[in-house]
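The values are calculated or read from the model by the stated rules, or taken from the named source; none is laboratory data. Predicted model, so just to flag it, every value in this text is computed and none were measured. Cβ placement follows ideal geometry from the backbone for every residue including glycine, while neighbour counts extend to all protein chains displayed.
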Amino acid sequence: MNDIREASLETDSSGLPGGVLGQLLPFLLLAGGGVWLFTRWNDVPAQVPMHWDAHGHVNHYVSRTPLHVAMPLVLAALICLLVHFMARAIRSGSPRGAARKPSLRMMLAAELVIAAVCCAVVVISATNGRLFLPAMLFIFFLIMALIGTGISLFSGVRKQEPLRNPSAWHALFYSDSEDPALFVPKRSGLGYTINLGHRAAIPIVLLLLSLPLAAVIAAALTR
Amino acid sequence: MKVRIDLGAESPVWRQIADQIRALLVSGQLRPGARLATVRELAIDLGVNHNTVATAYGRLADEGFLRLVRGVGAEVVERAAPKAPAGETERFGRRLSALVAEARASGLPSLTLQAALLRAAEDLLP
């Protein structure tokens with residue numbers, strides 16, 4: 001079977017969606033959450049509710065220290081930073097196909113939702129759970145909006161994105177050491193997957209796998 | 001404007017890329033001042049080694065069609081038509097005859113071949 005491939009000769013000067021301001025927005029949102037917390041610090045209870053069960057009852061408290069109370073903001077900032085670097089890597093290391101623009105927009109939308117959800121969690125904790133219900137409704141609305149954004153962004157992309165190098169696919173994984181792309185569009189056309197044959201792939205996969213492990217160790221050490 | 005390669009073809013990939021860009025250049029579809037995709041962009045899009053695209057761009061730069069700028073990419077430059085070396089017409093005629101013979105041998109009807117030759121000539125005229 002002939003392996004025919006096509007590419008545009010035009011150069012692509014578009015950067016990440018939203019420009020510098022758009023990319024900074026999730027971090028500005030988190031900074032805003034931090035400023036709000038700072039201004040209300042005296043109202044934060046001595047024992048801060050941090051986890052709720054399915055019935056809305058608090059089942060875990062933390063003591064009132066800046067790191068404990070602001071932990072959701074710190075975690076969100078780290079996740080947003082990780083997503084931002086992944087977006088940069090996809091921007092520079094993936095083919096310019098139909099999936100790229102919607103994927104990058106979806107990543108920015110996800111960063112914004114993560115930042116807003118974590119701000120809402122801090123608001124619930126810092127107000128001793130008084131705003132639990134409205135904040136949960138806000139979070140529900142955000143998640144629904146994110147799902148709607150994803151459906152809207154990716155509708156039709158699947159048909160436009162040709163399957164890359166069919167012989168390099170092994171179930172869900174793509175591996176081609178001759179392919180200079182670090183990320184390639186998934187077979188479904190929805191988002192990207194890493195090219196395991198790329199020399200940078202294994203360090204990146206190990207780094208990503210080590211993050212949850214580091215989070216578990218950090219949680220155990222601070223307990 | 002797109003470039004299309006066939007990894008199963010006899011012709012090396014760098015030559016396929018160079019031939020197609022050259023065709024766009026001589027037909028005037030790519031004009032002086034136009035910026036081409038960077039080596040990195042084109043290599044990633046096509047899923048081929050960077051050196052393959054760099055070789056194609058390098059060949060076109062040697063022929064005077066492109067100016068290569070590190071980190072920026074390739075730019076089409078004004079190129080004075082070179083004076084054809086002596087015997088070039090005969091050489092071209094021989095190469096064309098061999099190509100036509102090959103096509104006829106593979107079963108292409110002469111009328112189809114004639115139409116294809118005319119179309120190719122018209123497409124390449126600026």
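Screening A:Ala214 on (1) crowded, with 17+ Cβ neighbours inside 10 Å; (2) more than 14 Å from chain B (Cβ to nearest Cβ) shows it passes everything except condition (1). Of all residues in segment A:111-123, at least one satisfies being touching a residue at least 24 places away in the same chain (Cβ under 8 Å), closer than 21 Å to A:Ile79 by Cα and small (Gly, Ala, Ser). The single condition among (1) under 17 Å from A:Ser8 (Cβ atoms); (2) in a helix (DSSP H, G or I) that B:Leu30 does not meet is (2). Show me the helices (runs of 4 or more DSSP H) entirely contained within segment A:12-124 in which 1 or more residues are under 30 Å from A:Pro185 (Cβ atoms), modelled with pLDDT of 90 or more and of a type in the set (Phe, Trp, Tyr). Once the helices (runs of 4 or more DSSP H) in segment A:12-124 are filtered for at least 1 residues that are under 30 Å from A:Pro185 (Cβ atoms), modelled with pLDDT of 90 or more and of a type in the set (Phe, Trp, Tyr), what remains is A:19-39, A:71-93.
Scanning segment B:23-61 for residues that are facing another protein chain (nearest Cβ under 8 Å), in contact with a helix residue (DSSP H, G or I) (Cβ under 6 Å, 6 or more places away or on another chain) and not β-branched (Val, Ile, Thr) yields a total of 4.
Answer with yes or no whether A:Val83 is away from every other protein chain (no Cβ under 14 Å) and free of Cβ contacts under 8 Å to residues at least 60 places away in the same chain. For A:Val83, the condition - away from every other protein chain (no Cβ under 14 Å) and free of Cβ contacts under 8 Å to residues at least 60 places away in the same chain - is met. Evaluation of B:Arg4 against the conditions (1) more than 9 Å from chain A (Cβ to nearest Cβ); (2) charged (D, E, K, R); (3) outside any helix (DSSP H, G or I) shows that the sole unmet condition is (1).
Being assigned to a loop (DSSP other than H, G, I, E, B), over 16 Å from the mean Cα position of the chain (by Cα) and within 14 Å of chain A (Cβ to nearest Cβ) is the requirement here; does B:Gly71 meet it? Judged against the criteria, B:Gly71 is a match. Of all positions in segment A:159-172, at least one carries a residue that is within 14 Å of another protein chain (Cβ to nearest Cβ), in contact with a strand residue (DSSP E or B) (Cβ under 6 Å, 6 or more places away or on another chain) and outside any helix (DSSP H, G or I).
Against the numbered list (1) without any contact (Cβ under 8 Å) to a residue 24 or more places away in the chain; (2) assigned to a loop (DSSP other than H, G, I, E, B); (3) surrounded by 11 or more Cβ atoms within 10 Å (Cβ to Cβ), A:Ile139 comes up short only at (2).
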